[in-house]
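What follows is a set of notes on a single structure, which appears directly below.
The values are calculated or read from the model by the stated rules, or taken from the named source; none is laboratory data. Since the structure is predicted, the reported quantities are computational estimates derived from the model, not experimental observations. Positions of Cβ are backbone-derived with ideal geometry, glycine not excepted, and every protein chain shown enters the neighbour counts.
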Amino acid sequence: MTGSAAPAGPVLRARPGRPPWPLVLPALVGVAFLVLPMLGLVVRAPWPDMGRRVTEPDVLAALWLSLSTATVTTALCLVFGVPLAWLLARTDFPGRRLVRALVAVPLVVPPVVGGVALLLLLGRNGLLGRYLDAWFGITVPFTPAAVVLAQTFVAMPFLVISVEGALRGADRRYEEAAATLGAGRVTVFTRVTLPMVLPGVGAGAILCWARALGEFGATITFAGNFPGTTQTMPLAVYMAMQRDPEAAIVLSLVLLLVSLAVLATLREKWVNTA
Amino acid sequence: MGEHRVSVLCADLRLSRGDFDLDVALSVAAGEVLALLGPNGAGKSSALRALAGLLPLTAGHVRVDGDDHTRTPVERRPIGMVFQDYLLFQHMSTLDNVAFGPRCQGESKADARARAAELLGHMDLAGYTRARPRNLSGGQAQRVALARALAVRPRLLLLDEPMAALDVSTRLHVRGRLRRLLEEFDGATVLVTHDPLDAMVLADRIAVVEGGRVVQEGAPAEVARRPRTPYVARLVGLNLFRGRADGTAVALDGGAVVEVHEAHHGPALVAFPPRAVALYRRRPDGSPRNLWELTVDGVERFGDQVRVHLTGTLDLAADISPAALAELGLVRGDTVWAGVKAAEAECYPG
């Protein structure tokens, strides 16, 4: 290179040029559409008595229910979803393509429909529910367990798809190397594969958690709307909107802040793995 | 070498995938290093993967120390394998990489780590036990991969292109070091390479694989001196011709006749190095050499020499000095006389 010998003066480099307006204009509209509603929320919030409203028992109960059920949901999705993703990515069983298509169904089905379907399966007169009731005395609907099941139904595909993608992208030769060192398939999975796809599992878990936190339709259909037991934050926001819009704004702001925190974590995850 | 040694590895590898089919028989003695040398797609890596159990055989067998391992799953074969990019586990320290195998074989964590530390120390990596693999140089990573493969006390060591991931500048040093480490291993070693120099330096014996078959097998010096296929001849830098010997005259398949110094009868191969070829603008007088009038097909730089490709009754390459080229003034299409002394032409049964 002759960089150091070059005479002082303007550096001549090809200018990238201004981004073309047919791309910039719609992009700006898009950003505004996403940001302005949030701004409205912040502007209209009853800031003076914010502290008192946020710490009301009903709000705290709903927040606690939302956070705890979303976390349990994420754990369930990890326990069942990661092995499912592994089966889809690493084995070639008959009907694999069909199973993969079925796993994605909750993504396209309206959550309310999911709630109805869960009721038909696990409701007191449901296909499985009647036996749960008759033999074990267990009734699932309208309990916190139902909240978790409703959330798991809608959130699991996010985790499975994310982890399956990570597994497909992982270099399988590392698994072969582990096998030549005497590792059986379970050891290969836990000691080599899982650590390699951990960023993908993490991203999937965060997406899953966020989806569970925002779940509304399946929850209200299958678990109902009982304050303290099944009324999660989104349900509380919807109910508050009917009688006390200011309370709805407060609840929405809390939910927004929690979601932002999740997004920040997610971004960090992406940056770390990029 | 020389004394009779028992074969550790006895393998007959046959597999077909699509229109590729591999049929290779190998036998490697204790302490011996066999190199599978061949062009890309020749099947040498498939052969290695089949030995490891990573590719299923269509037919044949794999025996190690007399035990049949044809159907043994990968994780239970008495093998250690060094992969092309070494494939060290990035989420583990160097020490844990090497301890991984012993752990899988049921050793306690302390024992596995002690063994790993000992192996790393032996490879002059004692100071790198806690290093992450990505912070190692190519040569260091290669030794960690070798230590990891040896940690399971294999009887068969497999190396897939062990030099391919290294800078050209470090190869010389790393190759010599790998050679010394391989000499210490008392099991059988099979390594795959497309680089003849790696094969010559690292191996006791070379099997040249082309199109899924072993086309030549022998000691490195033997392969270098007496190539049996155009591919091997190109690798070792010799002109090679096939023909029929009748005493010291060999009638080549193309019609030309080459005088050689050793008498043979029947199908024969003739090989001589490009630097043994002398070029003349005019027919030289009273020369006892083989002499052909040929056409210049191309001229290229080759080290500090110039390689002239000639075509005509036979195709051959001649290495001359740049000064000689300037004097001859050769360009493509020129006619030139090429001479080779009979004493330079090696003749062997074909």
- [ ] Would you mind finding the one in A:P110, A:P106 that is in contact (Cβ under 8 Å) with a residue 12 or more places away in the chain, surrounded by fewer than 18 Cβ atoms within 10 Å (Cβ to Cβ) and either within 14 Å of chain B (Cβ to nearest Cβ) or of a type outside the set (A, V, I, L, M) (or both)?
- [x] A:P110
Task: Verdict on A:P141 being surrounded by fewer than 23 Cβ atoms within 10 Å (Cβ to Cβ) and away from chain B (no Cβ under 12 Å) - done: yes
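Restricting the search to region A:113-123, which residues are crowded, with 19+ Cβ neighbours inside 10 Å and among the hydrophobic types (A, V, I, L, M, F, W, C)?
Pass one, region A:113-123, residues crowded, with 19+ Cβ neighbours inside 10 Å: A:114-115, A:118-119, A:122-123.
Across region A:113-123, the qualifying residues are A:L118, A:L119, A:L122.
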Task: strands (runs of 3 or more DSSP E) within region B:213-318 that include 1 or more residues modelled with pLDDT under 90 and within 28 Å of B:G41 (Cα to Cα) - done: B:290-302
Task: Failed item in (1) buried (at least 16 other Cβ atoms within 10 Å of the Cβ); (2) in a helix (DSSP H, G or I); (3) free of Cβ contacts under 8 Å to residues at least 60 places away in the same chain, with A:A203 passing the rest - done: (3)
- [ ] Identify all residues within region A:160-196 that are assigned to a helix (DSSP H, G or I), within 14 Å of another protein chain (Cβ to nearest Cβ) and of a type outside the set (A, V, I, L, M, F, W, C); write none if there are none.
- [x] A:R173, A:Y174, A:E175, A:E176, A:T180, A:R185, A:T187, A:T190, A:R191, A:T193, A:P195
Task: Matching residues, region B:42-97, being touching a Lys or Arg at 6+ places or on another chain (Cβ under 6 Å), within 14 Å of chain A (Cβ to nearest Cβ) and β-branched (V, I, T) - done: B:V64
Open item on the list: Conditions first: (1) within 14 Å of another protein chain (Cβ to nearest Cβ); (2) free of Cβ contacts under 8 Å to residues at least 60 places away in the same chain. A:P157 passes all but one, so which condition is the exception?
Closed with: (1)
- [ ] Out of the residues in region B:116-126 that are hydrophobic (A, V, I, L, M, F, W, C) and in a helix (DSSP H, G or I), state the one that is nearest to B:V174 (Cα to Cα).
- [x] B:L120
Open item on the list: Pull out all pairs, ordered by first then second residue, where Cβ-Cβ is under 7 Å, the residues are six or more apart or on different chains, the first lies in region B:315-340 and is over 22 Å from B:N290 (Cα atoms), and the second is part of a helix (DSSP H, G or I).
Closed with: none
Open item on the list: For region B:319-331: of the residues being out of contact with any helix residue (DSSP H, G or I) (no Cβ under 6 Å at 6 or more places or on another chain) and within 23 Å of B:F241 (Cβ to Cβ), which is modelled with the lowest pLDDT?
Closed with: B:L330
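Being in a helix (DSSP H, G or I) and within 13 Å of chain A (Cβ to nearest Cβ): is that true of B:R113 here? Before the answer, list the steps.
Values: in a helix (DSSP H, G or I): yes; within 13 Å of chain A (Cβ to nearest Cβ): no.
Against the criterion (in a helix (DSSP H, G or I) and within 13 Å of chain A (Cβ to nearest Cβ)), B:R113 does not qualify.
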Task: Close pairs (9 angstrom Cβ cut-off, 6 or more residues apart or separate chains): within 25 Å of A:G202 (Cβ to Cβ) in region A:48-76, surrounded by fewer than 13 Cβ atoms within 10 Å (Cβ to Cβ) anywhere - done: A:L65/A:G228
Open item on the list: On the basis of being over 15 Å from B:D195 (Cα atoms) and crowded, with 16+ Cβ neighbours inside 10 Å, does B:L150 make the cut?
Closed with: yes
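Results for (1) surrounded by fewer than 20 Cβ atoms within 10 Å (Cβ to Cβ); (2) closer than 20 Å to A:A75 by Cα; (3) aliphatic (A, V, I, L, M); (4) within 14 Å of chain B (Cβ to nearest Cβ), shown as yes or no for each residue.
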{"residue": "A:L198", "(1), (2), (3), (4)": "yes, yes, yes, yes"}
{"residue": "A:L213", "(1), (2), (3), (4)": "no, yes, yes, no"}
{"residue": "A:A218", "(1), (2), (3), (4)": "no, yes, yes, no"}
{"residue": "A:M241", "(1), (2), (3), (4)": "yes, no, yes, no"}
{"residue": "A:P245", "(1), (2), (3), (4)": "yes, no, no, no"}
{"residue": "A:I249", "(1), (2), (3), (4)": "no, no, yes, no"}
TODO: State all residues of region A:77-103 that are of a type outside the set (D, E, K, R) and either touching a residue at least 60 places away in the same chain (Cβ under 8 Å) or surrounded by 18 or more Cβ atoms within 10 Å (Cβ to Cβ) (or both); if no residue qualifies, say none.
DONE: A:C77, A:L78, A:F80, A:G81, A:V82, A:L84, A:A85, A:W86, A:L88, A:A89, A:V103
Task: Residue list for region B:98-109, restricted to those being within 8 Å of another protein chain (Cβ to nearest Cβ) and hydrophobic (A, V, I, L, M, F, W, C) - done: B:F100, B:C104
Open item on the list: Only one of B:E161, B:E262, B:E222 is in contact with a strand residue (DSSP E or B) (Cβ under 9 Å, 6 or more places away or on another chain), touching a residue at least 24 places away in the same chain (Cβ under 8 Å) and surrounded by fewer than 16 Cβ atoms within 10 Å (Cβ to Cβ). Can you tell me which?
Closed with: B:E262
